[in-house]
Structure formats: C-alpha cells, structure tokens
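The values are calculated or read from the model by the stated rules, or taken from the named source; none is laboratory data. Being a predicted model, the structure only gives us computed values, none of them experimental. FYI the Cβ positions are ideal-geometry reconstructions off the backbone, even for glycines, and counts take in every protein chain you see. In case anyone asks, the SASA skips ligands and DNA or RNA and just uses the protein heavy atoms, side chains included. Shrake-Rupley method; radii C 1.70, N 1.55, O 1.52, S 1.80 Å.
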Amino acid sequence: MNKEELKEKYGKKRVPHEWRKTDWFTTLVVTFFGSGMSPKAPGTMGSLAAAVVAYPMALVILLLSDPSWSRTTEWSIPCFSFYWDGFFIEPFFINAALFVFFAAIPFVKKAMKDTGTEDPGWIVIDEVCGIFMALAFVPLEFIIAQPWILAVAFGLFRFFDILKPLGIHKMEKLPGAWGVMADDLLGGLYAGIVIAIGFIIAIK
C-alpha cells in the first residue's frame, strides 16, 4: 500500500463538525455564540464566556435599578434584592438562570436530534445556566466593584460541573435535554451556596 492508502485505512478519520447538521440559530444558541466550538475544553470556554458576559449584564441592571449608584461611593443593596444576616440572593441572576434553562430546552433537544448526539461537548448553554445560578448569590455591586468574584464563581462551578458530586450526576439521567441542562443548574446552585457561605463567614 502507498502512503495515501495507509492513511485512508488506518489513519484517524476526521469527523465533520456535528453542529453543522442543525440550523445556524440553534447552533448559535447551544454553543453560546460559538464559545462551545472551541476544539479544547468547550465546557470551560462556555463557562468563561458566561462569566465575562455576566459583568456588563450586572452593570446594566445595576444602573437601571439604581441610577445613583454610578454617582456615589456608598455600597448599597438594590431594593429588589434579598439580604438577611449575610445571606444574599440576587433575583436578576436567578431569573436569568431559569430563563436560560427553560428557553434552551427546545434548542438543545433539536440540536441533539439533528446531529444524532447525546450531550455533545459543544453544547455549552447549560454551562451558561450554571454560571448565572452561581452568581445569584452575589450582590450586583460586588460583581462590579470586585470582578474577581466572577473567577471564584467560575472556578466553583467548574469544580461541581466536572466532579458532579452530591447528586449532580443523577441529574444527567433525566430524559434528553432536561438531563443536559439540569445537572449544570444544580452545579451552579451548589457553587452559589458555597459563595453565600463565604459571604456569611466574611461578614461574621
């Protein structure tokens, strides 16, 4: 056999990018604007993209809810947030996480059906959902003033997303797109709880 014949018979065959089998809008959604197309660590790239996007989202919502914030150095909690004895819940990111969760289900379902795959790595909209849930326990002002908290949320979420402890792995067994999304939502919740505990310890 010549070189080309050997390559054809024994070489690693290149598989066309699976996402090309579905429509462009579905691809845009499930890969979170292409971040999931990274050839290496697509889940990490999707999570990173979500953490980066969270900053301007927090800034816009904070300015819309409390325009005076940009003209003062005082740290205050917006009126629509919940705060009690160090425990903080930011409804904006909870709503964002839940919106992404339910809105993404039909797109994830379609993407897997069109491509004949089950939870492929390039579907990263579930990581976006998890990052937003983790940030639901962080004050918007803190995200803007101390953006390193985004790295903390990112790291904690990836820890829970990769190791899948405390029942997260069981969420993957839910049917179809629900399983794809649910484990990351729960991972984000666990990451957020750890952040909340950190805030309580720091305040005490």
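Some values worked out for this structure:
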read-out: Test for residue 73: is it open to solvent by 40 Å² or more (accessible area, probe 1.4 Å) and either at pLDDT below 90 or of a type in the set (Lys, Arg) (or both); value: yes
read-out: Extreme residue, most open to solvent (accessible area, probe 1.4 Å), among residues of the range 121-144 that are in a loop (DSSP other than H, G, I, E, B) and in contact with a helix residue (DSSP H, G or I) (Cβ under 6 Å, 6 or more places away or on another chain); value: 121
read-out: Test: residue in the range 18-28 that is at pLDDT 80 or above, surrounded by 12 or more Cβ atoms within 10 Å (Cβ to Cβ) and of a type in the set (Lys, Arg); value: yes
read-out: Residues located in the range 145-159, provided they are open to solvent by less than 50 Å² (accessible area, probe 1.4 Å) and either farther than 15 Å from residue 127 by Cβ or in contact with an Asp or Glu (Cβ under 6 Å, 6 or more places away or on another chain) (or both); value: 149
read-out: Odd one out for residue 68 among (1) loosely packed, with under 12 Cβ neighbours inside 10 Å; (2) modelled with pLDDT of 85 or more; (3) farther than 22 Å from residue 30 by Cα; value: (2)
read-out: Enumeration of residues in the range 112-130 that are modelled with pLDDT of 95 or more and small (Gly, Ala, Ser); value: 130
read-out: Total residues in the range 160-204, condition in a helix (DSSP H, G or I) and basic (Lys, Arg); value: 1
read-out: The range 160-179, residues that are open to solvent by 60 Å² or more (accessible area, probe 1.4 Å) and on the phi > 0 side of the Ramachandran plot; value: 166
